[in-house]
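The structure appears right after this line, and notes come after that.
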Amino acid sequence: MLTVALVVVVWTAVLRLVRVRRVRMAAASSPRAIRDYGVQTTAAIAAAVGVTWFAVWLITDAAGPHWLHSLSMPAAVLFIVVGAVLAGYARWIGRP
């Protein structure tokens, strides 16, 4: 139950931060800033999906389908790595 609550907190924080950042984007933003926003949003959502898959791995350890348990850890690592790479790329393209 605690794991599910933590996943809900993570998703709430990610979606709130994405929404706040979208509101702060000016209508006349540069194309670089718009591309940076899109990549950062994708990175944040990919990392949150990775955390969710990690929570699935924790939940299915004791009880749950074996196939889901064996699938969830590689999926978690993959999504977290994709999120980290995209965040680095967003930082790289966001510099003036």
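Values computed for the structure shown
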{"quantity": "Near pairs, Cβ below 9 angstrom, 6+ apart or cross-chain, from region 42-66 (in a helix (DSSP H, G or I)) to any residue that is buried (at least 18 other Cβ atoms within 10 Å of the Cβ) and of a type in the set (Asp, Glu)", "calculated": "none"}
{"quantity": "Yes/no for Thr3 being at pLDDT 95 or above, on the phi < 0 side of the Ramachandran plot and of a type in the set (Ser, Thr, Tyr)", "calculated": "no"}
{"quantity": "For Val81: the one exception among (1) in a helix (DSSP H, G or I); (2) at pLDDT below 95; (3) over 17 Å from Trp11 (Cα atoms)", "calculated": "(2)"}
{"quantity": "Failed item, numbered, when Ala33 is tested on (1) over 17 Å from Val4 (Cα atoms); (2) free of Cβ contacts under 8 Å to residues at least 60 places away in the same chain", "calculated": "(2)"}
{"quantity": "Residues of region 63-78 satisfying the condition of being touching a Phe, Trp or Tyr at 6+ places or on another chain (Cβ under 6 Å) and of a type in the set (S, T, N, Q)", "calculated": "Ser72"}
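The values are calculated or read from the model by the stated rules, or taken from the named source; none is laboratory data. Model, not experiment: these values are computed from the prediction. FYI the Cβ positions are ideal-geometry reconstructions off the backbone, even for glycines, and counts take in every protein chain you see.
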